[in-house]
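The block underneath contains the structure these notes are about, expressed in structure tokens.
The values are calculated or read from the model by the stated rules, or taken from the named source; none is laboratory data. Just so it is clear, the model here is predicted, and its values are computed rather than measured. Cβ sites come from the backbone with ideal geometry, for glycine too, and all protein chains shown count toward neighbours.
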Amino acid sequence: MAIVGSSATALGLRAPKPFNRSKAARRAGRLIAYAVILAVFLLPLWSMVATALSSATSRLGSMELIPRGLTTGNLDQAWHFGIGRGLVNSLVMEAVGLTLQLTVSSLAAYALARKRFRGAAVVMVAIMATMMMPEEVIAIPLYLIIGKIPNPVTGGTLLDSYGGLILPLVGWALPIYILTGFMKRIPMELEEAARVDGAGELRIFLRVILPLCKPALGTCAVFGFLMIWDQYLLPLLVVQTPSMNPLTVVVTSLQSSQELGDGVKLAAATILMVPSVLFYLGLQRHFERGVLSGSIKG
């Protein structure tokens, strides 16, 4: 017959554990820490949204924790002052710029990681050196170069055009560095097996390498989205008409306006924030997998 332990009842059920003050104190401290962290990070965002959706006119510099008279009036007014056009421009920059950025970065990383050629290390160092230059250093040379590139559509230059806004965003060192390190860890046997089956370079790249790089591509997509979405100096250099300004420049111009209330300004800031949050949430799984895989060797 099995011997019933001292912590079990006659029916074989475990008796409730005695109350442990130290464990309860640790649990309470953990909950308090979580509440403080949530308040620090989420309370300002919630207050911004609540003020943007409040129908009551808030005092200068004050913000609401609970919307008073829920309305979309501030959003409509912000949309009337050019937020809609700026949002369209930013989405065009994102769709085209991010697609080209990931395409060019993937091809460059494939060449650096899977092909052996003389000077590969020098090329990688040169690419990484571009990350050490502040945008302000290359602002004037970039403006002069864009001003000399012909625009095949209008016949002028790329100034004040989507081409001038998108072309400088295509080449970025960070996704090349991330994808190169990720592709180097893919076993060469997979590529050799595909080549034995008659697959060419393009098919190996599209059918073997890229599907295995989805976590790294997700990480690069999130970083690339935020990099393009937050562009401010480049539009100031390239754009010459207000209708071509992206959302960041439009929101900044509204913030400096003395005629608009804080609710309208916060509504514009909310519209600027939402796409990046939604994009991150959509790629959160791939982003986390890519970050974790980059921290593990082997």
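I'd like to know if region 98-116 contains one or more residues that are assigned by TED's automatic domain parsing to the domain that holds Ala216 and outside any helix (DSSP H, G or I). Yes; the residues of region 98-116 include at least one that is assigned by TED's automatic domain parsing to the domain that holds Ala216 and outside any helix (DSSP H, G or I). Reported count of residues in region 187-207, each being closer than 15 Å to Ala111 by Cβ, surrounded by 11 or more Cβ atoms within 10 Å (Cβ to Cβ) and without any contact (Cβ under 8 Å) to a residue 40 or more places away in the chain, is 3. Here Glu135 meets each of (1) among the acidic types (Asp, Glu); (2) in a loop (DSSP other than H, G, I, E, B); (3) under 30 Å from Val49 (Cα atoms) with one exception, condition (3). Only one entry in Glu288, Glu259 is assigned to a loop (DSSP other than H, G, I, E, B) and either among the hydroxyl-bearing types (Ser, Thr, Tyr) or closer than 30 Å to Leu43 by Cβ (or both), namely Glu259. Hey, among Leu142, Leu167, which residue is under 30 Å from Val249 (Cβ atoms), without any contact (Cβ under 8 Å) to a residue 24 or more places away in the chain, of a type in the set (A, V, I, L, M, F, W, C) and assigned by TED's automatic domain parsing to the domain that holds Asp230? Matching residue, one of Leu142, Leu167: Leu167.
Yes/no per residue for (1) assigned to a loop (DSSP other than H, G, I, E, B); (2) over 22 Å from Pro246 (Cβ atoms); (3) of a type in the set (Val, Ile, Thr):
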site	(1), (2), (3)
Leu142	no, no, no
Ile145	no, no, yes
Lys148	yes, yes, no
Ala194	no, yes, no
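No other residue among Leu226, Leu272, Leu254, Leu278 is assigned by TED's automatic domain parsing to the domain that holds Gly181 and more than 21 Å from the chain's Cα centre (by Cα) apart from Leu254. Taken across region 123-132, residues that are in contact with a helix residue (DSSP H, G or I) (Cβ under 8 Å, 6 or more places away or on another chain), at pLDDT 90 or above and among the hydroxyl-bearing types (Ser, Thr, Tyr) do not occur at all. Being surrounded by fewer than 13 Cβ atoms within 10 Å (Cβ to Cβ) and either under 16 Å from Leu234 (Cα atoms) or of a type in the set (Val, Ile, Thr) (or both) is the filter here, so list the residues in region 132-147 that pass it. Across region 132-147, the qualifying residues are Met133, Pro134, Glu136, Val137, Ile140, Pro141, Leu144. Filtered by the rule that a residue be surrounded by fewer than 14 Cβ atoms within 10 Å (Cβ to Cβ) and farther than 15 Å from Met227 by Cβ, region 85-108 gives Val88, Thr103, Leu107. Out of everything in region 239-256 that is in contact (Cβ under 8 Å) with a residue 12 or more places away in the chain and not in a helix (DSSP H, G or I), what residue ends up being surrounded by the most Cβ atoms within 10 Å (Cβ to Cβ)? Result: Pro246.
When each of Asn74, Asn89 is tested for being among the polar types (S, T, N, Q) and modelled with pLDDT of 90 or more, the lone residue that passes is Asn89. For region 41-64, give me each residue that is at pLDDT 70 or above and either in a loop (DSSP other than H, G, I, E, B) or assigned by TED's automatic domain parsing to the domain that holds Ser257 (or both). Of everything in region 41-64, those that are at pLDDT 70 or above and either in a loop (DSSP other than H, G, I, E, B) or assigned by TED's automatic domain parsing to the domain that holds Ser257 (or both) turn out to be Leu53, Ser55.
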